[in-house]
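The values are calculated or read from the model by the stated rules, or taken from the named source; none is laboratory data. All figures in this text were calculated on a predicted structure; none of them were measured in a lab. FYI the Cβ positions are ideal-geometry reconstructions off the backbone, even for glycines, and counts take in every protein chain you see.
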Amino acid sequence: MQLRFTFDTHDFTATLDDTPTARDLMSMLPLDLTIEDYSTNEKIARLPRRLTEDGSGTFSGEAPGDLCYFAPWGNLAFFYKGYRYSRGLIRLGRLDGGIGPLLTRGSFPLSVQGVP
């Protein structure tokens, strides 16, 4: 499963893991969201509804380029710097082609679509 994200001048994809949470996200597509800076290591986008947490649990190997869902707030988290697992964080997959687009600072309309 693959997603295409578009914001500002950037067009990039992410490959999702085959999990209940990732499949639930795919069922919501297409989406028009807002992507914005959060903290010093990630961008976030709030979803219109919460995703299922079925099958989620702790994970390791956290790395820049991870795409996650933060269940307590109901948002996507795009990590462009190191981070550590915290309770409520569910890894959805990884960005394809690197973190470059996430380094653009600011808030932008974000289009999310499935890749056939």
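Can you work out which of the residues in the range 31-47 that are in a loop (DSSP other than H, G, I, E, B) and under 14 Å from the mean Cα position of the chain (by Cα) is surrounded by the most Cβ atoms within 10 Å (Cβ to Cβ)? Please lay out each step first, then the result.
Here is the first cut: in the range 31-47, the residues in a loop (DSSP other than H, G, I, E, B) are 39-41, 47.
Next cut, under 14 Å from the mean Cα position of the chain (by Cα) only: 41, 47.
Working: N41: 15, L47: 17.
Taking the candidates together, the pick is L47.
Given the options G74, G61, name the one that is more than 20 Å from T6 (Cβ to Cβ), among the small types (G, A, S) and at pLDDT 95 or above.
G74
Which condition from (1) part of a loop (DSSP other than H, G, I, E, B); (2) over 17 Å from R4 (Cβ atoms); (3) free of Cβ contacts under 8 Å to residues at least 40 places away in the same chain is the one that Y83 breaks?
(3) is the only condition that Y83 fails.
Name the residue that is nearest to F108 (Cα to Cα), counting only residues in the range 69-80 that are in contact with an Asp or Glu (Cβ under 7 Å, 6 or more places away or on another chain) and assigned to a loop (DSSP other than H, G, I, E, B). It would help to see each step written out before you state the result.
Within the range 69-80, the first condition is being in contact with an Asp or Glu (Cβ under 7 Å, 6 or more places away or on another chain), and the residues that meet it are 71, 77-80.
Applying the additional criterion that residues be assigned to a loop (DSSP other than H, G, I, E, B) yields 71, 80.
On the way: A71: 22, Y80: 17 Å.
Taking the candidates together, the pick is Y80.
Would you mind telling me which numbered condition in (1) closer than 20 Å to F5 by Cα; (2) in contact with a Phe, Trp or Tyr (Cβ under 8 Å, 6 or more places away or on another chain) G88 fails?
Result: G88 fails condition (1) only.
From the list T21, T6, T13, pick out the single residue that is buried (at least 18 other Cβ atoms within 10 Å of the Cβ) and either part of a loop (DSSP other than H, G, I, E, B) or within 13 Å of the chain's Cα centre (by Cα) (or both).
One residue alone meets the criteria, T21.
Which ones in the range 27-43 are modelled with pLDDT under 95 and of a type in the set (G, A, S)?
Scanning the range 27-43 gives a single hit, S39.
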